Amino acid sequence: DTEVTQTPKHLVMGMTNKKSLKCEQHMGHRAMYWYKQKAKKPPELMFVYSYEKLSINESVPSRFSPECPNSSLLNLHLHALQPEDSALYLCASSQGDANTGELFFGEGSRLTVL
Amino acid sequence: GEDVEQSLFLSVREGDSSVINCTYTDSSSTYLYWYKQEPGAGLQLLTYIFSNMDMKQDQRLTVLLNKKDKHLSLRIADTQTGDSAIYFCAESITGGGNKLTFGTGTQLKVEL
């Protein structure tokens, strides 16, 4: 199994809603990532979890709250988002401290904030 | 800084070679990558090169690295319509916690 699975594929939410994006991998990878990608732009790193601990937070607003319940799962909790937060949210995983840094990406969750 | 620049668009005819270029500014990069993104999909790693190499070939793909000029290129031989996508170069730095910085992306269009 070389897949990173993200759910839901599409999400529409209002600015007062609370929702979550989910990501799962069964490759035994110990690092997991959230990236945000706006249309026709490169992905921008949001968070990195390494061995289930948050290792990088790229100054992301607190309305985005990551959670890593175990080494296979990564969540992104969303609350009080703004329309400009509409984007494709990509989850990725890697072996952790592997020097090649090869990231395996999911297909993404396309978020629209109304 | 970690700016990674690419040209925005490239159009080639099917069967020709494509060359996608990338320039980066951080000389401490250890690995450089090429990712492919098809419409509505995630990113797929195509190939990567370690900074002490200057060339890597993998089937139709050839990566050239000029570390002095901080220039990376991806050559796709015999380009096919299925190669139409956005191509991102990316760099990582040892000790950066697998933190990748992506280039601006090049949209490759393959015409019949």
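Structure above, values below:
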item: Chain A, relative contact order in percent, only Cα pairs under 8 angstrom and at least six apart counted; result: 37 percent
item: Calculated FRET efficiency for the pair A:ARG30/A:ASN57, C-beta based, R₀ 22 Å, to 0.05; result: 0.75
item: Net charge over other residues, Cβ less than 13 angstrom from the Cβ of B:PHE9 (K, R count +1; D, E count -1); result: +1
item: Cα-Cα over 26 Å, subset of B:LYS70/B:LYS99; A:LYS9/B:LYS70; A:LYS53/B:LYS56; A:LYS40/B:LYS67; result: A:LYS9/B:LYS70; A:LYS53/B:LYS56; A:LYS40/B:LYS67
item: Within region A:33-114, chymotrypsin sites (Phe, Trp or Tyr not before Pro) in DSSP loop having at most 12 other beta-carbon neighbours inside 10 Å; result: A:TYR51
item: Per residue, the convex hull volume that the Cα atoms of chain A enclose (Å³); result: 96 Å³
item: Amide proton proximity set for B:THR25, modelled H, under 5 Å, gap of 5+; result: B:ASP3
item: Integer Hz, Karplus 6.51/-1.76/1.60 couplings in order for region A:73-78, x for Gly and Pro; result: 10, 9, 10, 10, 8, 10
item: Length added when fully stretched, B:LYS67-B:LEU8, from 0.36 nm per residue minus Cα-Cα; result: 19.0 nm
item: Percent carbon-and-sulfur accessible area, the protein assembly as shown, ignoring ligands, DNA and RNA, probe 1.4 Å; result: 48 percent
item: Karplus-derived 3J(HN,Hα), 6.51/-1.76/1.60, for each residue of region B:82-87, Hz, glycine and proline x; result: x, 7, 4, 4, 9, 10
item: Under the Karplus curve 6.51 cos²θ - 1.76 cosθ + 1.60, θ = phi - 60°, whole-Hz ³J(HN,Hα) for region B:51-58, x wherever Gly or Pro sits; result: 5, 8, 9, 10, 8, 8, 10, 9
item: For A:ILE56, distant residues with modelled amide H under 5 Å away; result: A:VAL48
item: For the pair B and A, total buried accessible area rounded to nearest 100 Å², probe 1.4 Å; result: 1700 Å²
item: Partnerless cysteines, meaning none of the other Cys C-beta atoms lie under 4.7 Å away, in chain A; result: A:CYS68
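The values are calculated or read from the model by the stated rules, or taken from the named source; none is laboratory data. What you see is a predicted model, and the numbers here were worked out from it, not measured in a lab. Note: ideal-geometry Cβ built from the backbone for every residue, glycine included; neighbour counts use all protein chains shown. Heads up: the accessible areas ignore ligands, DNA and RNA and are worked out on the full protein's heavy atoms, side chains in. Shrake-Rupley method; radii C 1.70, N 1.55, O 1.52, S 1.80 Å.
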